[in-house]
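Report on one structure; see the data block that follows.
The values are calculated or read from the model by the stated rules, or taken from the named source; none is laboratory data. Predicted model only: the values in this text are computed from it and were never measured. Virtual Cβ from ideal backbone geometry, glycine too; neighbours counted across all protein chains shown.
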Amino acid sequence: MSHPTESAPAAARAAALAARLRAESPLVVNITNYVAMNFAANVLLAAGASPVMAHAPEEIGEMAAIAGTLSINFGTLDAAWVKAMVQAGLAAQRAGKPVVFDPVGAGATTYRTGTAHAFLETFPVAVLRANSSEILALSDAPAAAATKGVDATDPVDAAIPAAAALARKHRCAVAVSGAVDAVTDGTRLLRVAGGSPLMPRITATGCSLTALTGACCALAPGDPLLAAATAMAIFKVAAETAAPAARGPGSMAVAFLDALHSLDPAGVATSGRIREEALP
Amino acid sequence: MSHPTESAPAAARAAALAARLRAESPLVVNITNYVAMNFAANVLLAAGASPVMAHAPEEIGEMAAIAGTLSINFGTLDAAWVKAMVQAGLAAQRAGKPVVFDPVGAGATTYRTGTAHAFLETFPVAVLRANSSEILALSDAPAAAATKGVDATDPVDAAIPAAAALARKHRCAVAVSGAVDAVTDGTRLLRVAGGSPLMPRITATGCSLTALTGACCALAPGDPLLAAATAMAIFKVAAETAAPAARGPGSMAVAFLDALHSLDPAGVATSGRIREEALP
Amino acid sequence: MSHPTESAPAAARAAALAARLRAESPLVVNITNYVAMNFAANVLLAAGASPVMAHAPEEIGEMAAIAGTLSINFGTLDAAWVKAMVQAGLAAQRAGKPVVFDPVGAGATTYRTGTAHAFLETFPVAVLRANSSEILALSDAPAAAATKGVDATDPVDAAIPAAAALARKHRCAVAVSGAVDAVTDGTRLLRVAGGSPLMPRITATGCSLTALTGACCALAPGDPLLAAATAMAIFKVAAETAAPAARGPGSMAVAFLDALHSLDPAGVATSGRIREEALP
């Protein structure tokens, strides 16, 4: 049983981290998918970060060196991109930069599941960010997973034990997005509430959350649990700000970028937004 | 001479098909171009379908097996993508899934025209969806075609005989979009009216219509003529709903996604929307 | 010291050129980056031009032959794209079509800086369009440059001497975008004022300006200085039209496309918009 308690210290620290985004404008190097490239860049810019999209082996080492963080999302993967992502992950490791990894559609095909496992065993990841079905597919008991293409079909709660096990195995934070997000480092569990049901009707919102998680990791490289919770809370706040004026997913995406741009970091710490729970 | 008549049965069946989209949320696997990736995914999500973008040979067979349909659009083609598209088309054939094919810019270069012919001769296509200039370029009498880059310069009516001949030759439906859309299986001809002149001022609307045609084919794999007409009618209805609030192509694209999201399927069957005509 | 004077002839000629865009709808063939593909196509369509995105060696020669101009932007470069861009540049040279080149992130990595130099030495460029940091990085005294990823960190004025030197060396116009744009052919210097501080918070606005510069070059192939100033002035006017209704970068991007679509070319020639200055 989990016993939810307000996580005042975590919430306050998340709000402080959110406030630093625009002031410090961390450089996030992204290797992401074709669908998400534009929206993820716009999300980072609106949130105050500085995005670069790059993948060539000729430059990924230099990019990792100047980056605050590296965000890898293999949504439209093929052999050439997989190779570039591994090179990038290793370059980030050499440069001592945190890596955020989003295994889009893990579970949908053996290629995706296998590639995700290979990445996790090849370079260190600070945050593994995924939906519940992807986390279940990557766990040691993936039979329960039911991925439909790249969309989750499992509730967040069902994936928390698997997330905690993955976190302990790969010494990272595992962030599971959904109606109430969860992030765990295998010892602690933070839940992040709020948001809008329109968000999953906009493509690349998860991918963009991964990119923003990278931006937060650049500012708090020693605390990926907090960085992931902060990015999730920023998304929830911006979605809530945007929702009242949205008439559907088109205007929601526009209003969401506007809300990110004028986000009050204090919203990240409002009552009930971030709670600490005991791991089940 | 064509003698237009209201196609009450077709219109009613199209409205019923449109109503199933959100309820059944078919999985559409897309191999599409870089320009259209994001917008096509958002169109599918807004319409209630579930999009995946994938192209790697390592997974395209599995993707085709779990997909309801495969949508191929070669808008930013090169040798690697062409190879992946052929593999995908053959995988869909093995899996018994319908394929929708959009030969963007056929007629603009010999590479595009030749690749389109090669696809049509290599794997079965349920719906060939294109603009009038592209259809004329693929016909046996392409001299009349005048493609300007990837935009049509010919009226829809001029392409109907060529569309019908292509439909008979390749045993598929051929959907020609324009001011009044046309779709034919070589025997029957449906016309779809409505829409907005702002739509061609938004990039990737044709590509997104191809993706939505795929979603409709997944629900009616035995009736590509109806599936194509339904997707076309949905686009026309959403464009009409969006147009009054649009101040230009930017706000039109946003309002179009909103309108898709809250579309009343009954609009697909309003008087004059879908008409059956005799083939000329 | 520069002595600013109203450039009535240049401004009037720019307004005349802007008015021709929608009437003549030049075909712009773009080899651009994954982030910018969709937005650049929408910018060209909204401004009245006709975009094609293509890069395959099998067709780039034909595309260059039918194009009014070629726009090259290497933002998400790798070896395959670099090769395609060189082929495209040479094909444009053979076809006698002007090339606009945007060296995104030059200075951020040696790969980008080296590739940009290689392009400038391999095929003729009509307009080199970049931000101040990229221009400084490409100059013979790059020590002053401070590129942060792909965003400029130097003021436009600091880059003007380097821009003029590059223009003389490569016999092209060099356009430097920023708060007050500058474009020089090494002899003359035009400044373009206006715009909105929200524009740099939208990704791919610079890339899209490059694409529009291509469209203007297609209409004035003999006057790249004027073509670049016209594209810059169109962007400034549209940004000013869009800004009052914008609530952030999301709605700004939408309103900007709307404003391009209904742009009054006379705005390009309003007092103070385009000034001629002496080169420092």
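Scanning the range A:230-247 finds one or more residues that are more than 27 Å from A:Phe74 (Cα to Cα) and of a type in the set (S, T, N, Q). Just checking, which of A:Gly186, A:Gly206 is part of a loop (DSSP other than H, G, I, E, B), in contact with a strand residue (DSSP E or B) (Cβ under 9 Å, 6 or more places away or on another chain) and crowded, with 19+ Cβ neighbours inside 10 Å? So the residue among A:Gly186, A:Gly206 that is part of a loop (DSSP other than H, G, I, E, B), in contact with a strand residue (DSSP E or B) (Cβ under 9 Å, 6 or more places away or on another chain) and crowded, with 19+ Cβ neighbours inside 10 Å is A:Gly186. With the structure loaded, tell me whether A:Val104 is more than 9 Å from every other protein chain (Cβ to nearest Cβ), more than 24 Å from C:Met37 (Cα to Cα) and not hydroxyl-bearing (Ser, Thr, Tyr) or whether it fails that test. When the stated conditions are applied, A:Val104 does not pass them.
Among residues of the range B:267-280 being within 21 Å of B:Arg129 (Cα to Cα) and of a type in the set (Val, Ile, Thr), the one that is surrounded by the fewest Cβ atoms within 10 Å (Cβ to Cβ) is B:Val268.
Within the range B:222-280, the residues that satisfy the criterion of being outside any loop (DSSP other than H, G, I, E, B) and hydroxyl-bearing (Ser, Thr, Tyr) are B:Thr230, B:Thr241, B:Ser251. Of everything in the range C:1-30 that is part of a strand (DSSP E or B) and at pLDDT 95 or above, the residue that is farthest from the chain's Cα centre (by Cα) is C:Leu27.
When the residues of the range A:41-59 are filtered to those that are outside any loop (DSSP other than H, G, I, E, B) and more than 9 Å from chain C (Cβ to nearest Cβ), the one that is farthest from A:Val254 (Cα to Cα) is A:Ala47.
Pairs linking a residue in the range B:99-118 that is over 16 Å from C:Ala67 (Cβ atoms) to a residue that is hydroxyl-bearing (Ser, Thr, Tyr) and surrounded by 24 or more Cβ atoms within 10 Å (Cβ to Cβ), with Cβ atoms under 7 Å and 6 or more positions apart or on different chains, are B:Val100/B:Thr69; B:Val100/B:Ser71; B:Val100/B:Thr210; B:Val100/B:Thr213; B:Asp102/B:Thr210. Please verify whether C:Asn33 is part of a loop (DSSP other than H, G, I, E, B) and at the interface with chain B (Cβ under 10 Å from one of its Cβ atoms), treating the condition exactly as stated. Yes; evaluated as a whole, the condition is true for this residue. Scanning the range B:99-113 turns up at least one residue that is of a type in the set (D, E, K, R) and crowded, with 24+ Cβ neighbours inside 10 Å. Restricting attention to the range A:193-225, the residues that are more than 14 Å from chain B (Cβ to nearest Cβ) and under 30 Å from B:Ala242 (Cα atoms) total 3. Listed conditions (1) touching a Cys at 6+ places or on another chain (Cβ under 6 Å); (2) more than 19 Å from A:Leu77 (Cβ to Cβ) are all met by B:Ala40, apart from (2). Inside the range B:8-40, residues that are in contact with a helix residue (DSSP H, G or I) (Cβ under 7 Å, 6 or more places away or on another chain), closer than 13 Å to B:Leu263 by Cβ and not hydrophobic (A, V, I, L, M, F, W, C) make up a count of 1. Would you say B:Val43 is within 23 Å of A:Gly105 (Cβ to Cβ), of a type outside the set (D, E, K, R) and in contact with a Gly (Cβ under 9 Å, 6 or more places away or on another chain)? Criteria not met by B:Val43.
Restricting the range C:69-88 to residues that are among the small types (Gly, Ala, Ser) and surrounded by fewer than 22 Cβ atoms within 10 Å (Cβ to Cβ), the residue that is nearest to C:Thr32 (Cα to Cα) is C:Ala84.
When C:Gly96 is tested against the conditions (1) more than 23 Å from C:Gly206 (Cβ to Cβ); (2) touching a Phe, Trp or Tyr at 6+ places or on another chain (Cβ under 7 Å); (3) more than 14 Å from every other protein chain (Cβ to nearest Cβ), the lone failure is (2). Within the range C:92-135, the set of residues being closer than 19 Å to C:Leu219 by Cα, assigned to a helix (DSSP H, G or I) and in contact with a strand residue (DSSP E or B) (Cβ under 8 Å, 6 or more places away or on another chain) comprises C:Ala92, C:Gln93. Look through the range B:114-136, keep the residues that are within 14 Å of chain C (Cβ to nearest Cβ) and within 17 Å of the chain's Cα centre (by Cα), and return whichever of them is surrounded by the most Cβ atoms within 10 Å (Cβ to Cβ). Checking each candidate, the answer is B:Glu134. Considering the range B:137-148, and only residues there that are modelled with pLDDT under 95 and part of a helix (DSSP H, G or I), the residue that is surrounded by the fewest Cβ atoms within 10 Å (Cβ to Cβ) turns out to be B:Ala143.
The condition (being acidic (Asp, Glu) and surrounded by 24 or more Cβ atoms within 10 Å (Cβ to Cβ)) is satisfied by just one residue among C:Asp181, C:Asp264, C:Asp223: C:Asp181. Scanning the range A:226-261 for residues that are farther than 18 Å from A:Asn38 by Cβ, of a type in the set (D, E, K, R) and either buried (at least 20 other Cβ atoms within 10 Å of the Cβ) or more than 14 Å from every other protein chain (Cβ to nearest Cβ) (or both) yields A:Lys236, A:Glu240.
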